Amino acid sequence: MSAGPLPWGGRRLHFVGVGGAGISGYARLARALGAEVSGSDQANSPYAERLAADGVLRASIGHAVENLPAGEQLEVIYSSAVPEDNVERRAARERGLAERSRAELLSELTGLRRTVAVAGTHGKTTTASMLVHALRAAGLAPGWMVGGFLGEGEPNAGWGEGEWLVVEADESDRSMLSLNVNIAVLTNVELDHHTAFASLAELREAFASFLAAAHGAIVLWDQPALLELVPRETNALAAPARDGKHPAAVELVPFEAPRAILGPDGSRFRWRGLEVRLAVPGAHNALNAVAALEAARLTGADEAAAVRGLAGFRGAARRFQLLGSSTRGARVYDDYAHHPTEVAATLQAARTLEHERLVAAFQPHLFSRTALLAREFGRALALADAAVVLDVYPARERAEDYPGVSGLMIAEATADCAEGRPVYWLPALADAAPVLQGLLGDGDVCVIMGAGDVDALARMLVAA
């Protein structure tokens with residue numbers, strides 16, 4: 001960042017829910033921009049610990065009125081997981097403090113830099129992380145804010161010194177519609193957040209609005225259902241400007257799924273005459289890589305340098321992340337998959353690894369998603385040689401609002417599709433850990449999946 005006054009110098013921001021994968025990144029960037037920051041969360045987390053280790057802030061654990069710093073010039077920022085009746089949000093209103101959503105803050109951040117926003121139901125974090133690696137290799141020193149640690153021990157956000165900012169455009173709370181976007185990337189569209197969108201048609205309208213707001217270019221998978229969302233006035237297949245500046249008209253760059261050669265060490269394929277080698281497995285990651293490379297090309301990045309940058313990408317945190325081995329030699333992977341399409345893609349990627357058996361352990365995320373997609377989850381989990389299903393991680397939902405809904409629905413659906421392969425219903429992490437320790441043997445691959453706290457199970461297996 002250039003010398004001179006920091007753009008947010010003099011601001012005081014308090015983050016409620018600062019231990020989350022998303023909101024912790026906002027705190028990190030706010031501090032980099034000169035703001036005084038504080039925050040709290042109901043429990044400690046790796047993100048909160050990393051903020052403290054890096055000297056950004058030390059989160060208060062547990063929500064309380066006393067966590068709010070004194071003074072009137074304080075902005076209270078909250079994540080979408082923090083309800084309106086949260087004690088700190090209530091106290092902020094009683095004091096007349098500015099109370100702002102993360103979407104408002106993200107709008108401000110994207111107004112400070114030229115922005116690449118990565119949207120889609122699946123693959124946002126991986127594609128955005130790949131793009132950061134590509135731009136860095138090309139010497140563009142981007143800023144970033146993604147939904148997980150960038151990989152290789154790097155945090156989920158950083159301001160960088162270049163002119164570009166890479167962010168995820170999240171549809172779960174419609175915050176993607178608040179962004180100032182120069183290059184919009186769209187990977188796919190499936191209904192995943194059933195309480196936010198009443199139908200797939202409503203979700204498609206939101207993604208269409210996201211694309212319509214792009215100022216420079218649109219990059220998306222070359223699929224009819226996605227192309228229908230592109231504004232009519234977009235210039236299809238226009239050559240991108242190589243000086244990093246975009247013409248007034250928006251450009252459309254559709255990309256095809258690569259003919260990738262998949263293997264246990266990742267994949268390789270050709271893109272615009274260059275050989276791309278990835279260390280992360282799976283056809284879905286090859287597709288993510290093409291999206292990242294096309295977006296990098298539109299920023300003016302050197303194509304060969306961007307490809308070299310992807311060769312060093314080892315995966316974002318909790319995206320098919322190898323944590324280590326169990327006591328009897330099984331490799332244990334942690335993955336954020338929480339939708340049937342993601343579960344299936346992750347297990348298909350795991351099949352490319354050398355293994356004796358593929359064992360999947362899955363924690364459903366949200367009662368609403370479980371109720372509507374239990375059969376689809378069952379079909380996806382049945383791709384494993386053995387499956388363990390835990391109970392629902394409720395997040396912002398309450399069990400009493402969804403009577404009769406539990407992870408058992410998915411366990412039964414998996415058993416229906418598994419053709420006699422073993423399926424275990426083990427509701428709690430403490431139930432699943434000893435069973436998996438006994439089940440896993442040398443040469444097995446175990447994939448722990450879910451968007452809740454199931455990563456703790458993966459770490460139990462490795463630690464033991």
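The values are calculated or read from the model by the stated rules, or taken from the named source; none is laboratory data. Just so you know, these numbers come straight off a predicted model, no measurement behind them. Note that we place each Cβ from the backbone using ideal geometry, even for glycine, and neighbour counts take in every protein chain shown. Accessible surface areas use protein heavy atoms only, side chains included; no ligands, DNA or RNA. Shrake-Rupley method; radii C 1.70, N 1.55, O 1.52, S 1.80 Å.
What the table shows:
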item	result
Selection from the stretch 262-296 of residues that are open to solvent by 40 Å² or more (accessible area, probe 1.4 Å) and either more than 23 Å from LEU140 (Cβ to Cβ) or of a type in the set (Lys, Arg) (or both)	LEU262, PRO264, ASP265, ARG268, ARG270, ARG272, ARG277, ALA283, HIS284
Condition met for GLU342 (at pLDDT 95 or above and open to solvent by less than 40 Å² (accessible area, probe 1.4 Å))	no
For GLU376: the one exception among (1) free of Cβ contacts under 8 Å to residues at least 60 places away in the same chain; (2) touching a Leu at 6+ places or on another chain (Cβ under 9 Å); (3) open to solvent by 50 Å² or more (accessible area, probe 1.4 Å); (4) closer than 21 Å to GLU412 by Cα	(2)
Pick from the stretch 391-405, criterion farther than 15 Å from GLY450 by Cβ and of a type in the set (Asp, Glu), ranking: surrounded by the fewest Cβ atoms within 10 Å (Cβ to Cβ)	GLU400
Scan of the stretch 137-157 for residues that are surrounded by fewer than 21 Cβ atoms within 10 Å (Cβ to Cβ) and at pLDDT 95 or above, ordered by number	GLY139, ALA141
Top-ranked residue of the stretch 68-90 - restricted to ones that are of a type in the set (A, V, I, L, M) and over 15 Å from ARG12 (Cβ atoms), ranked as modelled with the highest pLDDT	VAL87
Top-ranked residue of the stretch 199-223 - restricted to ones that are part of a helix (DSSP H, G or I) and out of contact with any Leu (no Cβ under 7 Å at 6 or more places or on another chain), ranked as nearest to VAL181 (Cα to Cα)	ALA212
Wholly enclosed strands (runs of 3 or more DSSP E) of the stretch 1-115 bearing at least 1 residues surrounded by fewer than 22 Cβ atoms within 10 Å (Cβ to Cβ), touching a residue at least 40 places away in the same chain (Cβ under 8 Å) and touching a Pro at 6+ places or on another chain (Cβ under 8 Å)	12-16
Enumeration of residues in the stretch 436-464 that are in contact with a strand residue (DSSP E or B) (Cβ under 6 Å, 6 or more places away or on another chain), closer than 25 Å to PRO340 by Cβ and open to solvent by 10 Å² or more (accessible area, probe 1.4 Å)	ALA451, GLY452, ASP455
Single residue of the stretch 166-183 satisfying the filter (open to solvent by less than 10 Å² (accessible area, probe 1.4 Å) and under 16 Å from the mean Cα position of the chain (by Cα)) that is farthest from LEU33 (Cα to Cα)	GLU171
Residues (at pLDDT 95 or above and over 24 Å from VAL87 (Cβ atoms)) located in the stretch 26-52	ARG28, LEU29, ARG31, ALA32, LEU33, GLY34
Near pairs, Cβ below 9 angstrom, 6+ apart or cross-chain, from the stretch 271-290 (basic (Lys, Arg)) to any residue that is assigned to a strand (DSSP E or B) and modelled with pLDDT of 95 or more	ARG277/PHE269
Any hit, the stretch 359-366, residues being over 28 Å from ALA399 (Cβ atoms) and either open to solvent by less than 20 Å² (accessible area, probe 1.4 Å) or at pLDDT 90 or above (or both)	no
Cβ-Cβ under 9 Å pairs, at least 6 apart or on other chains, the stretch 204-230 side within 19 Å of TRP164 (Cβ to Cβ), far side in a loop (DSSP other than H, G, I, E, B) and among the charged types (D, E, K, R)	PHE210/GLU171; GLY216/LYS245
